[in-house]
Amino acid sequence: MFGREKIEYKTAEQVQVMRRAGLVVAAAHAAVRDAVRAGVTTADLDAVAAEVIREAGATPSFLGYHGYPATLCVSVNDEIVHGIPGPRVLEPGDVVSVDCGAIVDGWHGDAAFTVVLPEADPADVALSDATEQAMWAGIAALAKGERVGEVGDAVEDVVAASGTPYGIVQEYVGHGIGSAMHQPPEVLNYRTRERGPRLRAGLCVAVEPMLTRGSRATQVLEDDWTVVTEDGSRAAHWEHTVAIGPDGIWVLTAPDGGAARLAELGVTVAPWNSTTGPV
Ligand code: MF3
Ligand code: CO
């Protein structure tokens, strides 16, 4: 996707602005979580997120991106990513992935979560949990590792340890993020020989694994956006925007900076504030 283009290493000040964007995304997520249930349409959820972002004085980053027509991507059941909100009415047991991006003063935040509506199939809950766990393991690898490629190793290890043969989507990957939503480097969700760039202060990336209950093969629908599993199996998607600072990592789209979930993985988060200063 990006080849060997130059990475934009951020200063402490720029990461502070990205934190503001990240918290707007987190607020939009919270509002959508409150609103999501059987009977609402995916367009209803889009309106909820749009209002939160507007109220915060921020800008939705997806709207108009390569002509994308909405604030959110809402991907249901066999839809993996880039589902366009519309008149679809959510039903009990649906697997709903919500992806949201916001811009504050030119700096981006991007995050996604999956929720399984009641009465949930336990296998769908396990899928979402494994995907979330894969995301956190990938984020922890940014703290513990040397190179970006270690994110993919961590995601694969979680899937292997789950004991369930989930498909790991390969066509859509995580990415650098900053003054644009998508920047180099690519952040793969699978192991390769290519180790990727060094992890160093100023690098900001979105970690976003997508798992399926079947094959990893994908297909794009007629609308030219919606990505579905080729075999019709259900999919989950989790994403956070993460900054690497001089003293550690900071999950910009998590209200607690990732502290609680990363503590379980032996990682202490390090908010990059003015006392630590620019690189
Ligand atoms: N949030 C997606 C990503 O993580 C991008 C959405 S594409 C858009 O990369 F067109 F909807 F913006
Ligand atoms: Co993203």
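The values are calculated or read from the model by the stated rules, or taken from the named source; none is laboratory data. Please read all numbers here as calculations on a predicted model, not as lab measurements. Here the Cβ is made from the backbone with ideal geometry for all residues, glycine too, and neighbour counts use every protein chain on show.
For beta carbons closer than 6 Å, sequence separation of 6+ or different chains, a first residue in segment 210-238 that is free of Cβ contacts under 8 Å to residues at least 24 places away in the same chain and a second that is outside any loop (DSSP other than H, G, I, E, B) and surrounded by fewer than 20 Cβ atoms within 10 Å (Cβ to Cβ), the qualifying pairs are E230/Q219.
Against the condition crowded, with 17+ Cβ neighbours inside 10 Å, out of contact with any Gly (no Cβ under 8 Å at 6 or more places or on another chain) and aliphatic (A, V, I, L, M), how does V36 come out, does it pass? When the stated conditions are applied, V36 passes them.
When M18 is tested against (1) more than 15 Å from ligand 2 (Cβ to nearest atom); (2) aliphatic (A, V, I, L, M); (3) farther than 14 Å from V98 by Cα, only condition (1) is not met. Would you confirm whether or not segment 155-172 contains a residue that is more than 18 Å from the chain's Cα centre (by Cα) and within 23 Å of G248 (Cβ to Cβ)? Within segment 155-172 (the criterion being more than 18 Å from the chain's Cα centre (by Cα) and within 23 Å of G248 (Cβ to Cβ)), the answer is yes, since at least one residue qualifies. Pairs linking a residue in segment 1-22 that is farther than 15 Å from D110 by Cβ and assigned to a helix (DSSP H, G or I) to a residue that is at pLDDT below 95 and among the hydroxyl-bearing types (S, T, Y), with Cβ atoms under 7 Å and 6 or more positions apart or on different chains, are A12/S274; A12/T276. The residues in segment 61-71 that are surrounded by 22 or more Cβ atoms within 10 Å (Cβ to Cβ) and more than 8 Å from ligand 1 (Cβ to nearest atom) can be counted, and the count is 1.
Among the strands (runs of 3 or more DSSP E) confined to segment 206-273, the ones with at least 2 residues that are within 16 Å of ligand 2 (Cβ to nearest atom) and at pLDDT 95 or above are located at 210-212, 235-237, 240-245. Taking the listed residues V89, V74, V98, the one that is β-branched (V, I, T), in contact with a Ser or Thr (Cβ under 8 Å, 6 or more places away or on another chain) and under 17 Å from D223 (Cβ atoms) is V74, with no other qualifying.
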